[in-house]
1. Consider ILE67 carefully, then state whether it is surrounded by 15 or more Cβ atoms within 10 Å (Cβ to Cβ), β-branched (Val, Ile, Thr), modelled with pLDDT of 80 or more and closer than 21 Å to PRO95 by Cα.
2. Please verify whether LEU138 is of a type in the set (A, V, I, L, M, F, W, C), more than 16 Å from ALA78 (Cβ to Cβ), surrounded by fewer than 20 Cβ atoms within 10 Å (Cβ to Cβ) and over 10 Å from the mean Cα position of the chain (by Cα), treating the condition exactly as stated.
3. For segment 44-59, what are the residues that are of a type in the set (Ser, Thr, Tyr) and surrounded by 14 or more Cβ atoms within 10 Å (Cβ to Cβ)?
4. Out of VAL102, VAL72, I need the residue that is of a type in the set (A, V, I, L, M, F, W, C) and over 16 Å from the mean Cα position of the chain (by Cα). Which one?
5. Residues of segment 76-104 being in a helix (DSSP H, G or I) and closer than 18 Å to GLY158 by Cα, which ones?
6. Just checking, does segment 143-165 include any residue being over 21 Å from PHE57 (Cβ atoms) and polar (S, T, N, Q)?
Amino acid sequence: MGLLLGSLLDSLVNVPIATLGRGGPVDAGASSNGRTVVAVHLGGALIPALVSMYLLFPHGLFGTGAIAVAAVAGISHALAPPLPGKGIAMPVLVPPLAAAVVALLLAPDAAPALAYAVGSLGSLLGADVANLHRIRELGAPAVSIGGAGTHDAVFLTGILAVLLA
């Protein structure tokens, strides 16, 4: 619960990692028209990814986890189109529900841990990371891996995983 709360409280922290210009990467500190700052969202990407890896270790779920993450990432990617001027739009309830179903089917004894890891990593990989090559199409001054709708899906995944426990 504390980690879920931390993820929610860190919902406004983005760590810039790159700046893209029309022709490719530029100095991460640069900012001007025609450039997009790429950031990693602390509460929607970094914390959930680290917690997910921590949950997969004690349960020995890397093989099962990889299959489940691929399934949820595929679903997330299919339902997360880049929308110019807005960002990546994703229905926030689909990844948590898909993660819960996959976790209950593949590892019922470890379903809460697997559901959190799969929902978090699947949402991040399928919606945000798989669409990184389309950032320039968005026309946005900044994009955040794990921000906006993805953060909401990751947070709801955490709530659903706690309810499974």
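The values are calculated or read from the model by the stated rules, or taken from the named source; none is laboratory data. The shown structure was predicted, so the numbers you read here are calculated from the model rather than taken from an experiment. Note that each Cβ is placed from the backbone with ideal geometry, even for glycine, and that neighbours are counted across all protein chains shown.
1. Values: surrounded by 15 or more Cβ atoms within 10 Å (Cβ to Cβ): no; β-branched (Val, Ile, Thr): yes; modelled with pLDDT of 80 or more: yes; closer than 21 Å to PRO95 by Cα: yes.
No, not satisfied.
2. Details: of a type in the set (A, V, I, L, M, F, W, C): yes; more than 16 Å from ALA78 (Cβ to Cβ): yes; surrounded by fewer than 20 Cβ atoms within 10 Å (Cβ to Cβ): yes; over 10 Å from the mean Cα position of the chain (by Cα): yes.
Criteria met by LEU138.
3. Quick first cut of segment 44-59, residues of a type in the set (Ser, Thr, Tyr) only: 52, 54.
Across segment 44-59, the qualifying residue is only SER52.
4. Values: VAL72 fails: over 16 Å from the mean Cα position of the chain (by Cα).
Matching residue, one of VAL102, VAL72: VAL102.
5. SER76, VAL94, PRO95, PRO96, LEU97, ALA98, ALA99, ALA100, VAL101, VAL102, ALA103, LEU104
6. Yes.
The rows are residues; the columns are (1) farther than 20 Å from GLU137 by Cα; (2) modelled with pLDDT of 90 or more.
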position: LEU12; (1), (2): yes, no
position: ILE17; (1), (2): no, yes
position: VAL51; (1), (2): yes, yes
position: LEU56; (1), (2): yes, yes
position: ALA73; (1), (2): yes, yes
position: PRO84; (1), (2): no, no
position: LEU105; (1), (2): yes, yes
